[in-house]
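Visitor: Can you keep this structure in mind? I'll have questions shortly.
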Amino acid sequence: MLSFCDLHVHLGRASGKPVKITASSGLTLNRAIDHAEKIKGLNVLGIIDAACDGVLKEFKGLLAEGSLEECPGGGLKTARGLLLIPGSEWEMDIEGTRVHCLAFFPGMGELEAYNSYLREKVRNPGLSTQFLRDGFHKAFSMVGRLGGHPGLAHAFTPFKGYFGQLDSFLPLGEYAKGVDFVELGLSADSTLADRIKELQKIPFLVGSDAHSSPNIAREYLEIDTTVRDFEQLFQIILSGKGIKAFRGFPPALGKYYKTRCRQCGFTPGEDERKNCPRCLKPTLVQGVSNRIEKLSDTEKPSTGRAPYFYHIPLHLLPGFGPKTLDVLYKNLGSEMEIIHNISPEQLERFLDKKRVEMILRLRRGELEIECGGAGSYGKVKK
Ligand SMILES: [Zn+2]
Ligand SMILES: [Zn+2]
């Protein structure tokens, strides 16, 4: 059996209070679980706001009423068998740059201990992705002591990604030792990231960074086996053995792939200037492809990394409106089921040839993309 695993999902509200301000207020713990199980068909779901006060309280409530059960090897199971991995995202200062980091914890005891640490180090322990007043090494070894795994979040996005910011082209250097994984983010894939030599030794992660239900599983790991618990999951992630594929956005579909002018939309190629060569305003937004070009120090592909397949959730494909999706989910099963398993003949019962072909192209990672940039997503070509 395959397992589909998205470890980066935020929540909008918990225990009657806001959690991630920018997330949809309808995205609660129960809603995320329900959507991941019934619509998306995930097997492993990482709740990245689990250490926030209100979410922790809801986790404890679900355990007390028996809707969740802690697994002996870490993680929590729902009645339908979805494995939940509690996690945390925070912002911190690394060498003068604001960077987002992630951590995952085995169980409630560790999560509570981490929550007590957060209460001393952040202004509002009820909110997600708060600024952490602690050094990199202290915070990362704290997570390690609790049996958790820390790493870098969406490392290539211009917004708070370690490698993504214009003034932070610094190599990881000594920081690499504490980093268990690097999450790539929507605008990069493993081929791009592996052009940086020091990253070839670090495990990669993809996750959706979902702020709303439809975006759950827009990026996910495809794992070769039924994942039992936290311990086994991280054995697979850290060794890379057992990952069948990384499934994620084509970088060109992300908001920051190409350098582009925010003002006039001009795309100037390999330019590193701040001012747009066409409208002359200082509104050029540096793209991920240029950044990686600048950081790249190897052309040798890394060995042993699972393949990266381009994935786009069904609701972002042209011709797949809410009514069509309702019919598909009702008759054929979850999104993962439709993307990976349903035969073309069965798809043809509900979709015209063109849309069936689109799902088959998605399955093979062969969709064509119009490039995104300067904060606008790209588009799937019809
Ligand atoms: Zn973030
Ligand atoms: Zn996030």
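Visitor: Checking Ser88 against (1) assigned to a loop (DSSP other than H, G, I, E, B); (2) within 18 Å of His149 (Cβ to Cβ); (3) hydroxyl-bearing (Ser, Thr, Tyr), which test does it fail?
Guide: For Ser88, the exception is condition (1).
Visitor: Moving on. Output the residues belonging to the range 180-213 that are within 16 Å of ligand 2 (Cβ to nearest atom) and modelled with pLDDT under 95.
Guide: Those that are within 16 Å of ligand 2 (Cβ to nearest atom) and modelled with pLDDT under 95: Leu184, Gly185, Leu186, Ser187, Ala188.
Visitor: Being over 30 Å from Pro72 (Cβ atoms), among the charged types (D, E, K, R) and assigned to a helix (DSSP H, G or I) is true for just one of Glu198, Glu231. Which residue is that? Give the steps one after another, and end with the answer.
Guide: On the way: Glu231 fails: over 30 Å from Pro72 (Cβ atoms).
Selected residue: Glu198, the only one of Glu198, Glu231 that is over 30 Å from Pro72 (Cβ atoms), among the charged types (D, E, K, R) and assigned to a helix (DSSP H, G or I).
Visitor: Taking into account only those residues within the range 78-112 that are surrounded by fewer than 21 Cβ atoms within 10 Å (Cβ to Cβ) and among the polar types (S, T, N, Q), which is nearest to ligand 2 (Cβ to nearest atom)?
Guide: Thr97
Visitor: Run down Gly75, Gly54 and say which single residue is surrounded by fewer than 24 Cβ atoms within 10 Å (Cβ to Cβ), among the small types (Gly, Ala, Ser) and closer than 21 Å to Ala210 by Cβ.
Guide: Within the list Gly75, Gly54, the selection yields Gly54.
Visitor: Report, by residue number, each residue of the range 35-75 that is more than 16 Å from Ala103 (Cα to Cα), touching a strand residue (DSSP E or B) at 6+ places or on another chain (Cβ under 9 Å) and not in a helix (DSSP H, G or I).
Guide: Those that are more than 16 Å from Ala103 (Cα to Cα), touching a strand residue (DSSP E or B) at 6+ places or on another chain (Cβ under 9 Å) and not in a helix (DSSP H, G or I): Gly41, Leu42, Asn43, Ser67, Leu68, Glu69, Glu70, Cys71.
Visitor: Looking only at helices (runs of 4 or more DSSP H) that fall completely inside the range 286-382, which ones have 3 or more residues that are within 21 Å of the chain's Cα centre (by Cα) and surrounded by 14 or more Cβ atoms within 10 Å (Cβ to Cβ)?
Guide: Because the criterion is at least 3 residues that are within 21 Å of the chain's Cα centre (by Cα) and surrounded by 14 or more Cβ atoms within 10 Å (Cβ to Cβ), the helices (runs of 4 or more DSSP H) in the range 286-382 that meet it are 288-295, 335-340.
Visitor: Another question, if that's okay. Answer yes or no: is there a residue in the range 180-203 that is over 30 Å from Lys241 (Cα atoms) and of a type outside the set (A, V, I, L, M).
Guide: No.
The values are calculated or read from the model by the stated rules, or taken from the named source; none is laboratory data. Just so we're clear, the structure is a prediction, and the values are computed from it rather than from any experiment. We place every Cβ from the backbone using ideal geometry, glycine too, and count neighbours over all the protein chains shown.
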